[in-house]
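Peer 1: Once you've had a glance at the structure underneath, I'll fire off some questions.
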2 protein chains.
Amino acid sequence: MDTDKTARLSFRFTVEPYTEDATGCLSWSTLGNQLLRSAGHHASANGFGYDQLISHNLVWVLSRLVVVMDERPRTGQSYTITTWVKSCFRQFTERLFEVADANGRPMGHAYSIWAAIDYTTRQPIDLAELPDGGFGEILLPSPEFPIAGASRLRLRNAVQQGERRMGFSDLDINGHVNSMRYLELCLDLFDADYYRSNPLHRIELHFANETYCGDLLSVWHEPAADRQHLIEIKKDGAVVVRALLDSTSDNTPAP
Amino acid sequence: MDTDKTARLSFRFTVEPYTEDATGCLSWSTLGNQLLRSAGHHASANGFGYDQLISHNLVWVLSRLVVVMDERPRTGQSYTITTWVKSCFRQFTERLFEVADANGRPMGHAYSIWAAIDYTTRQPIDLAELPDGGFGEILLPSPEFPIAGASRLRLRNAVQQGERRMGFSDLDINGHVNSMRYLELCLDLFDADYYRSNPLHRIELHFANETYCGDLLSVWHEPAADRQHLIEIKKDGAVVVRALLDSTSDNTPAP
């Protein structure tokens, strides 16, 4: 179907030197940025990219990102990110991703929730009011999608583990701290030996607030179940990001 | 000439979303990693890549990197990195780079010095002893190369500006802190407004030591001439990296 061709778009990547982490696999933050990049290209191809939205004084905001990888590609390996939109409901849209190896075999999946906000008021808009009818024409319900969406992350007894002041090199083109820097702050709670012994399988990132150059962020950690870690990044006591790092190999959301 | 085709290799890139910095240009650290990646691919094509050297228990080590950009590409722009080897002299080889826009017009240049060390003893080898005759066949003397090589960076009255503990996400595939993380530590001395008002033109990085996960690095700063900054990154009092950030538009090395 023609609709499906635009509805579902694929982008090919290769793991280049200096994009791996110390376990030898494509780093989670590089993968995360490539998921966001694929989302951007897909939105543009359908009339709702950054340039198109900003002309209506709107911008996309990422609210949730869940990535589950059964295997991450290694240096020189090619892989494909395919993305499509599952649903639009009032202020939120669900976007899905599949990561597949060069033979088309799935290596992992990702789930995300986005809002579109008014650039001036910072208030989310009703997505039914997106110009030209929005994503309505290209939704793919995807009942068979193999990973769970975002879970509820509740921290009760988190302990502060460290803090870091954000600098120029943490910023994206908009002057906000890059979403994947928060993931790196979470990953840095553990060392390479931990990740080699407990390969990370599922990550969740729940974004609550933007931060900027000069902001001092604190990182709070609470072990959840076995090899599951809940994390909060805070600024002036307020939560900026909640996260889950999960090295268990089943796909059950955290409690 | 056939020799020249291998001697000089070009790699094409496009500035993708999430690889820019807050000034809207390709970030210096992404560019730096792409220079190193191009060096690696060129070395491999000539028989001296990572895989080929490690089979002789040797690895390349970057000693100096100088990058001078008259203009950095912006989102969506394509550019080409061309690299070749200028000289081999005892323990060091000089590798040059040109960065050109989609029309072939130069946007900047880079100069680097590398050594090959024995993986076990960490001692540099005489490059004339590289297997199969080394780079001798493909040297391009390049007398017209438009930028100066590495200068002598001497700090006399540096003041400590901050410190940061290296974590998992700072590491490369070998478990060393990624060379470009040091550059980011230097860049973070200033904010986006500084770089917007004083576009960075030339950077120099002089690498003295490796660092690892858990190492606490301190960053020392000394203003040199107008809009030139000397920086030292230290671990336990010993210099790890010396750097120059230069926003003047002429091409004179720092004093």
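Peer 1: Give the ranking of B:R95, A:R196, B:R90, A:R37 by solvent-accessible surface, highest area first, calculated with a 1.4 Å probe.
Peer 2: Correct descending sequence by accessible area is B:R90, A:R196, A:R37, B:R95.
Peer 1: What area, in nm² and to one decimal, does the C-alpha convex hull of the protein assembly as shown cast on average over all directions?
Peer 2: Reported value for the Cα convex hull: 25.5 nm².
Peer 1: Need one number: nm distance between label points at A:N174 and B:R154, each 7 Å from Cα along Cα→Cβ, rounded to one decimal.
Peer 2: Taking the simple label geometry, A:N174 and B:R154 are separated by 4.8 nm.
Peer 1: Over segment A:193-255, give the accessible area per residue in Å² for a 1.4 Å probe, as an integer.
Peer 2: It amounts to 41 Å² per residue over segment A:193-255.
Peer 1: Mind checking the mean number of beta-carbon atoms from other chains within 10 Å of the Cβ atoms in A:19-31?
Peer 2: Mean partner shielding for this stretch: 4.
Peer 1: Using a label point 7 Å beyond Cα on the Cα-Cβ vector, give me the inter-copy distances for B:I54 in nanometres, one decimal, shortest first.
Peer 2: 4.1
Peer 1: Still on this model: Just to confirm the numbers: A:E210, label point 7 angstrom along the Cα-Cβ line, distances to the other copies in nm, shortest first?
Peer 2: Going from nearest to farthest copy, the values are 4.1 nm.
Peer 1: Using 7 Å Cα-to-Cβ label points, what is the B:R90/A:S87 separation (nm, one decimal)?
Peer 2: The two pseudo-label positions are separated by 7.0 nm.
Peer 1: Further question: For chain A, what is the calculated [θ] at 222 nm in deg cm²/dmol (nearest 500), taking -39500 (n - 2.57) for each run of four or more DSSP H residues and dividing by its residue count?
Peer 2: It comes out at -5000 deg cm²/dmol, rounded to the nearest 500.
Peer 1: Quick one: net charge around B:C25, please, counting Lys, Arg +1 and Asp, Glu -1 for every other residue with C-beta under 10 Å from its C-beta.
Peer 2: That works out to -1.
Peer 1: Then there's this: Within a Cβ distance under 12 Å of A:T83, other residues only, what is the Lys/Arg minus Asp/Glu net charge? Display every interim value, and only then the final one.
Peer 2: Details: positive: A:R8, A:R37, A:K86, A:R95; negative: A:E94, A:E98.
My count for the surroundings of A:T83 gives +2.
Peer 1: Using alpha-carbon positions, what is the distance between the centroids of segment B:164-200 and segment B:1-65, in Å?
Peer 2: Measuring centre to centre over Cα atoms gives 19 Å.
Peer 1: Enter the mean number of other protein chain beta carbons within 10 Å of the beta carbon of each residue in B:170-183, as an integer.
Peer 2: The mean count of partner-chain Cβ atoms within 10 Å per residue comes to 4.
Peer 1: Place the peptides B:12-19, B:233-240 in order of packing, highest mean first, counting for every residue the other Cβ atoms within 10 Å and averaging per peptide.
Peer 2: Numbers: B:12-19: 17.5, B:233-240: 15.9.
Ranking the peptides B:12-19, B:233-240 by packing returns B:12-19, B:233-240.
Peer 1: Over segment A:2-138, what percent of the accessible surface lies on carbon and sulfur atoms, probe 1.4 Å?
Peer 2: The value for segment A:2-138 is 47 percent carbon and sulfur by accessible area.
Peer 1: Taking the Cα centre of chain B as origin, sum charge times position over the Cβ atoms of Lys and Arg (+1) and Asp and Glu (-1), and report the length of that vector in debye to the nearest 20.
Peer 2: With Lys and Arg at +1 and Asp and Glu at -1, about 260 debye.
Peer 1: Send over a whole-number figure in Å² for the accessible area per residue of segment A:12-159, probe 1.4 Å.
Peer 2: 45
Peer 1: In nm to one decimal, list the spacings between the B:R165 label point and its equivalents in the other copies, with label points set 7 Å along Cα to Cβ, shortest first.
Peer 2: 1.8
Peer 1: Return the chain A residue and its Cβ-to-axis distance, rounded to the nearest Å, for the rotation relating A to B.
Peer 2: A:R164, 4
Peer 1: Let me ask something additional. Using only protein heavy atoms and a 1.4 angstrom probe, determine the accessible area buried between A and B, summed over both sides, in Å² to the nearest 100. Intermediate results must be reported in sequence, preceding the final value.
Peer 2: On the way: alone 12690 and 12690 Å², together 22640 Å².
Using a 1.4 Å probe on protein heavy atoms, the buried area is about 2700 Å².
Peer 1: Still on this model: Quantify, in whole percent, the carbon and sulfur part of the accessible surface of segment B:193-255 (1.4 Å probe; protein heavy atoms only).
Peer 2: The value for segment B:193-255 is 51 percent carbon and sulfur by accessible area.
Peer 1: Summing +1 for each Lys or Arg and -1 for each Asp or Glu, what net charge is found among the other residues whose Cβ lies under 9 Å from the Cβ of A:V177?
Peer 2: -3
The values are calculated or read from the model by the stated rules, or taken from the named source; none is laboratory data. Note that the coordinates shown come from a computational prediction; the quantities given were computed from them, not determined experimentally. Glycine gets a Cβ as well: all are built from the backbone with ideal geometry, and neighbour counts include every protein chain shown. Accessible surface areas use protein heavy atoms only, side chains included; no ligands, DNA or RNA. Shrake-Rupley method; radii C 1.70, N 1.55, O 1.52, S 1.80 Å.
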